[in-house]
Structures are given as C-alpha cells and as structure tokens.
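A short write-up of the structure that comes next.
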Amino acid sequence: MYKPASKTTFIGKNIYYLTSCHSTNDIAAGKVRSGLGENGDVIITDEQTAGRGMQGNSWEAEPGSNFMFSIILKPDNLSASAQFGLSQCIALGVQRYVRSVAGEGVTVKWPNDVMIGSRKVAGILIENTLRGSSVTNAVVGIGLNMNQKGFSNPRATSLALETGVFYSLENELEQLFLHIEECYGYLATLPAEELDRLYTGEMMGVGEVRTFASGEEYFSGVITGVTPSGRLKVLTADGEKEFEVKEIAWVW
C-alpha cells in the first residue's frame, strides 16, 4: 500500500505495512531486540487492536482512516539525560506537518500531543532503549488523525474535520516523514538551548493563564517552559513549580 519514501534521507526507506496488528510500537521494539531494525524503518498499519498512548492511555482510531505507525531511530551520541530532546524534535516535526496542512492554531501540548485549537489531532509515544548512559535505539510511535469524522472523545479532531478535505494517506505520508526527518536532525545540529527555544515557542499555553489539576488541588498558572529533563514549568501564585507528566493535568 505504501511505497518507500523517495525524498527523505533515511526515514521510510523501508516500510513494513500490516493491515492490522496489536501495536506497531511492540512490533518495532521486537525488530530492535532481534537486531533486524534499521535506522529509519517504519512499521505502519490500518488498524491497531492494542494501540497505546502516553501514560498507558489507549489510542482511538477508525481503521484505514488515519496514520498509525512507528519509526525505529538510532540516535548518535544521545545521552539518557538529554533524551527529552528527541521528544521535542519529533513533536515539532509532526506539528509542522499539521500546520502545513491545517494552517495556524497548531500547537504542541506538553509533552508531545499535537493540537488544533483545543482538540488533539496527534499523539506520540517514544520508547527508548538505553545502554549505559546513552540512548541506543528509539521506537517512535505516532498516531495522526487524518480522515476520521467521528470521535467518542470531544477533545479529538482530524485534519479532514478541520479542513473539509479528504487526504490520500499514500501521498501525505512522505510529506510527514520529511518534516519529522528535518526536525530530528536538530538533535545533531542545534544546541539544546536553541531546540528548547523552538519547542517552547510552539507550546500550548505558554504565557497564558490556565487552570490545572495536581492531585486533588486545582490552581491557575502560566506555563513558562520545560526543564532539560522534560518537566513542565508553571508559574503559580506560590512561585514557579515543576511537574512530571503524571503530576499535572489540564482543566478545560
């Protein structure tokens, strides 16, 4: 169904297409463990029966209507302490593709959801393999809603819903790969401070007063950025606080 990418440098040169599978991330991880996974390999499917999102959430997707795939990456000289940079790069790549199609109003909701307005169009799950203090392999799972028109979650959307256009998945896939590959290159070419500036500039809620929940506590705050390890920085009435993913939630 999908042809190997012709315009990228390495992402999507090998595409393994499955009509249905339990999880592309699991299959990609198996290829890595067996030593068969090459840098840039893509496992893509029409349907995931056990797709996963961040924090163990499931990923709702209509078979054959959206992108559900995993990319195997082998970063050079990426330390475990700097692995959030990979998450930043992938989120920026997906966000830039979506913006190229949908226009303005596309942001990254920390840590790596892609939003159109206040609705989620894409989710990313990255699972890294460490050897010592370095990341040797990364499996990057991406779910991007393309043509689906109905969702049980009112906070979900698709490019078709936002633009009124039906998209050819075969034609759009390489464009998505090109954006991801360009931003992935930032890991090797940009100082961490510059990557952080680019990422923060696209974050949802930066500089805006928003309501959050942490445990049983509700509070207002302003997102100021992220720490090098990926913790969210929020300026509250009690000063600036830092949060891990499971420690804070948006209140819409």
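Here are some notes:
- Taken as a whole, the condition of being open to solvent by 10 Å² or more (accessible area, probe 1.4 Å) and within 12 Å of the chain's Cα centre (by Cα) applies to Asp113.
- Check on Ile27, buried (at least 20 other Cβ atoms within 10 Å of the Cβ) and among the β-branched types (Val, Ile, Thr): no
- Set Val114, Val101: member being in contact (Cβ under 8 Å) with a residue 60 or more places away in the chain, of a type outside the set (S, T, N, Q) and at negative phi: Val101
- Here Val139 meets each of (1) closer than 18 Å to Gly12 by Cα; (2) loosely packed, with under 15 Cβ neighbours inside 10 Å with one exception, condition (2).
- Only residues that are hydrophobic (A, V, I, L, M, F, W, C), open to solvent by 10 Å² or more (accessible area, probe 1.4 Å) and touching a strand residue (DSSP E or B) at 6+ places or on another chain (Cβ under 6 Å) were counted in the stretch 79-104, giving 2.
- Test: residue in the stretch 150-170 that is among the hydroxyl-bearing types (Ser, Thr, Tyr), assigned to a strand (DSSP E or B), open to solvent by less than 50 Å² (accessible area, probe 1.4 Å) and farther than 19 Å from Ala82 by Cα: no
- Condition check for Gly93: in contact with a His (Cβ under 8 Å, 6 or more places away or on another chain) and either over 25 Å from Ala249 (Cβ atoms) or touching a residue at least 60 places away in the same chain (Cβ under 8 Å) (or both): yes
- Residues (touching a residue at least 12 places away in the same chain (Cβ under 8 Å) and open to solvent by 20 Å² or more (accessible area, probe 1.4 Å)) located in the stretch 30-44: Lys31, Val32, Glu38, Asn39
- Elements of type strands (runs of 3 or more DSSP E) in the stretch 180-252, at least 1 residues being in contact with a Lys or Arg (Cβ under 8 Å, 6 or more places away or on another chain) and open to solvent by 30 Å² or more (accessible area, probe 1.4 Å): 217-226, 232-236, 239-243
- Of the residues making up the stretch 186-204, at least one is in contact (Cβ under 8 Å) with a residue 12 or more places away in the chain and among the acidic types (Asp, Glu).
- Scope the stretch 1-13; condition open to solvent by 70 Å² or more (accessible area, probe 1.4 Å) and not aliphatic (A, V, I, L, M); matching residues: Lys3, Pro4, Ser6, Lys7, Thr9, Lys13
The values are calculated or read from the model by the stated rules, or taken from the named source; none is laboratory data. Computed from a prediction, not measured in an experiment: that's the story for all the values here. Neighbour counts are summed over all protein chains in view; Cβ atoms, including those assigned to glycine, are modelled from backbone coordinates with ideal geometry. For the accessible areas, the whole protein counts, side chains as well, though only heavy atoms, and no ligand, DNA or RNA atoms are used. Shrake-Rupley method; radii C 1.70, N 1.55, O 1.52, S 1.80 Å.
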